[in-house]
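To keep things clear, I will list the structure first and then write my remarks on it.
The values are calculated or read from the model by the stated rules, or taken from the named source; none is laboratory data. Since this is a predicted model, take the numbers as computed values, not measurements. FYI the Cβ positions are ideal-geometry reconstructions off the backbone, even for glycines, and counts take in every protein chain you see. Side chains included, ligands, DNA and RNA excluded: accessible areas come from the protein's heavy atoms. Shrake-Rupley method; radii C 1.70, N 1.55, O 1.52, S 1.80 Å.
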Amino acid sequence: MIIKGRILDEDDITQSTFNNRETGEVVVRGELLLSVKKPSQVIKVKVNPDQWKDAKNGDFFKTIVDKELDFWIEQKEFSFPRPDGQVVSGTSNNLFRLPAIQKA
């Protein structure tokens, strides 16, 4: 889905590191807090490792702070077992592609 949104502050752009459960490799990705309308809310959007690299580890997102742009978002359901056997499930908002900046 395409939604109009804006990143309100540079502090709404974060980087996180985690271990891939399947390969054990350390992965770096980003997260954004995106302010959207209709209904007005702030959503957390995950940025996959490849897009995070393309966004120069978040520097690209800093250039679009407070600009209303089209964001391509996909919602994904996830489910995985914790080491203690408890199953964790939910949904996440994931950036589908980097937003395009309109040239003046």
Condition set among the charged types (D, E, K, R) and over 21 Å from L69 (Cα atoms), scope segment 1-28, selection surrounded by the fewest Cβ atoms within 10 Å (Cβ to Cβ): answer is E22
Log entry, pairs with first residue in segment 71-86 being among the aliphatic types (A, V, I, L, M), second being open to solvent by less than 100 Å² (accessible area, probe 1.4 Å) and in a strand (DSSP E or B), beta carbons closer than 6 Å, six or more apart or on different chains, reads I73/I3; I73/N93
The correct count of residues that are open to solvent by 20 Å² or more (accessible area, probe 1.4 Å) and in a loop (DSSP other than H, G, I, E, B) in segment 47-76 is 7
Within segment 58-86, restricting to residues that are over 21 Å from I3 (Cα atoms) and within 17 Å of the chain's Cα centre (by Cα), the one that is modelled with the lowest pLDDT is F78
